[in-house]
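Input: a single structure, listed below in structure tokens.
The values are calculated or read from the model by the stated rules, or taken from the named source; none is laboratory data. Not measured: the values here are computed from a predicted model. Quick reminder, even Gly has a Cβ in these numbers, built from the backbone with ideal geometry, and neighbours come from all protein chains shown. When the accessible area is computed, the model is the full protein with side chains, heavy atoms only, and any ligands, DNA or RNA have been set aside. Shrake-Rupley method; radii C 1.70, N 1.55, O 1.52, S 1.80 Å.
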Amino acid sequence: MALQHTNPTTTKAWGKLTRHLADTKANTLKELFREDPKRAQKHTISWNDFLVDFSKNRLTQETLDLLMELANEVGLKDAIEKQYGGETINQTEDRAVLHTALRAKKTDVVTLDGVNIVSEVYEVKAHIKAFTDAIISGEKKGYTGKTFTDVVNIGIGGSDLGPAMVTEALKFYGNHLKMHFVSNVDGDHVYETLKGLNPETTLFVVVSKTFTTQETLSNATTIKNWFLKHAEQEDVAKHFAAVSTNTEKIAEFGISADNVFPMWDWVGGRFSLWSAVGLSIALAVGYDHFDAMLEGANDMDVHFKTADFQENIPVVLAMISIWYNNFYGAETEAIIPYTQYLSRFSAYLQQGIMESNGKSVDRNGERVTYETGTIIWGEPGTNSQHAFFQLIHQGTKLIPADFIGFKTPLHGDNDHHNKLMANFFAQTEALMNGKTSDQVNDELVQTNMSEEARKLLLPFKVFEGNKPTNTLLIDKLTPKSLGSLIALYEHKIFVQGIVWNIFSYDQWGVELGKQLATTVLNDIEGQEIADHDGSTLNLLETFKNEQVI
Ligand code: F6P
């Protein structure tokens, strides 16, 4: 059975939310807190080692009730059942969406086409464990008998961003292996990476769900040729591993069957780090940490599937985001982790969120008449405070932000951690409260400034405040808590796709660029340039005529 196809703007809840916005828009967060001393407790969810405080949002209990009414009207509960049940909810690609099965418990049963896919998942997990244990321990060695020191992950999009983000996030738990990521088809990226590497001690992991992606195949071929300048063809078997659904193509590339890790078409690229696509993660931090990450994700899966919507972290965060995106007209959302380890987190989520929900055609095949996918951006705090926070505080745009922080630092330096977290708490408070003209005036009066000078300066120092934030306070950055955090955002994507009545699991928009790049490559490398618009033609001619080789 297909997903329900409801235009969200036709629901009763949508109309009520529109009226509710008009009634409540003038309320400020400061007033809401003044009116209800228990507001913070009421709008906080404590779950495992997570505390999610969403009280600093422009909403009341009535807003939340209406948002959940909207979720109910569009059939969210049923959609969740369908996703977990392996129904073909990725209709445009005729596939189920079962990345949750990758982190299922061994005793769980997820049946697809009559097969319990959890058994297959555990077979591959056993292979990942055996392979990564052997590389890390030095049991598997390079072609000259030396232990591996470096790993290069060759992939792009979901075959790069997830492993790259997680290996950085879990660096603290790492071993002696140094990780490198080659993604861009830019040869300079490839050669810069190879520059410091020793072919005798480097393992290459080629990751491509389709094994047809131009970037990955070009990079893998260049790297194999570089390797073969130092080693023999038969040595490729010791130094190359591959992850793909396309095992035939891997064989053509010459990778030994022992080093081939399958994945499945029911795993979308941007949701694949839990599969063998996470081989580089397991190499970087060891299999047990990789598995702990899956366990954390599974905990979040169970929470998402079973918790009441009002207590359900992904549902609450997704619906609040819809409140801003569709009713307040917010254009973007910021994600600010207060740990340097999560420096790649928003780049990773950009693919997850924007490739999934960047759609303008609904599940009926019709152009949507409302906003869909949110634009995501962010950098770690406190760096971002000294970069773009000015605009969030005093700019003209409404930018809801998620603040992610941890109670305990990994290296145990509480002096630094207290400073970091002081900024974490201070920023959400400042964004909410702002600074009134009276407060600014009182401050200026303390200076020696003349009254005239004070009056001139005052408006520039006023902060409107009333800027919404969610605070995610987590005990500690561990493989397990990271798994839960990533899964939280995955489920948020799902909820929003359901509400917006779009297909979140295809990515046809990326295909056009791929096709055009192939045509243009022929133009560059061939004699003739095919028909193009005037600008593109001019640019191509200039490039061909003036290229220095
Ligand atoms: O960007 C489009 C896309 O298809 C992503 O969804 C995917 O993660 C990426 O390309 C890489 O694809 P593959 O893993 O097949 O090389």
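Overview of results
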{"item": "Cβ-placed point charges (K, R +1; D, E -1), dipole of the chain about Cα centre in debye, nearest 20", "result": "1220 debye"}
{"item": "Under 26 Å from LYS397, Cα to Cα: lysines that are on another chain or at least 8 residues apart", "result": "LYS16, LYS25, LYS30, LYS56, LYS359, LYS435, LYS455, LYS461, LYS467, LYS492"}
{"item": "Sorted peptide list for 525-537, 197-209, criterion being average Cβ within 10 angstrom, highest first", "result": "197-209, 525-537"}
{"item": "For PHE240, residues with placed amide H under 5 Å, excluding near neighbours", "result": "PHE204"}
{"item": "Mean ellipticity per residue at 222 nm, deg cm²/dmol - from DSSP H runs of n ≥ 4 across the chain, formula -39500 (n - 2.57)", "result": "-14000 deg cm²/dmol"}
{"item": "Heavy-atom accessible surface of region 216-362: percent carbon and sulfur, 1.4 Å", "result": "46 percent"}
{"item": "Mean separation of Cα contacts under 8 Å (6+ apart) over length of region 216-329, as relative contact order %", "result": "13 percent"}
{"item": "Helix 12-24 axis, angle to the chain major axis (alpha carbon atoms, nearest 10°)", "result": "50 degrees"}
{"item": "Order by protection proxy (mean Cβ within 10 Å, highest first), peptides 74-85, 295-306, 271-282", "result": "271-282, 295-306, 74-85"}
{"item": "Pairwise FRET efficiency - LEU456 versus LYS146, Cβ, R0 = 56 Å, nearest 0.05", "result": "0.20"}
{"item": "Lys/Arg +1, Asp/Glu -1 at C-beta; region 47-120 dipole; positive extreme among LEU112, LEU64, TRP47", "result": "TRP47"}
{"item": "Proximal charge balance of THR193 [Cβ under 12 Å; K/R count +1, D/E count -1]", "result": "-2"}
{"item": "Under 5 Å, built H, 5+ apart or other chain: amide partners of ASP402", "result": "ALA334, ILE335, ILE336, ASN470"}
{"item": "Highest-first arrangement of 103-116, 316-329, 175-188, where packing means the average Cβ count within 10 Å", "result": "316-329, 175-188, 103-116"}
{"item": "Solvent exposure of region 384-465 as accessible area per residue, Å², 1.4 Å probe", "result": "61 Å²"}
{"item": "Pairwise centroid distance, computed over Cα atoms, of region 63-121 with region 151-223, Å", "result": "31 Å"}
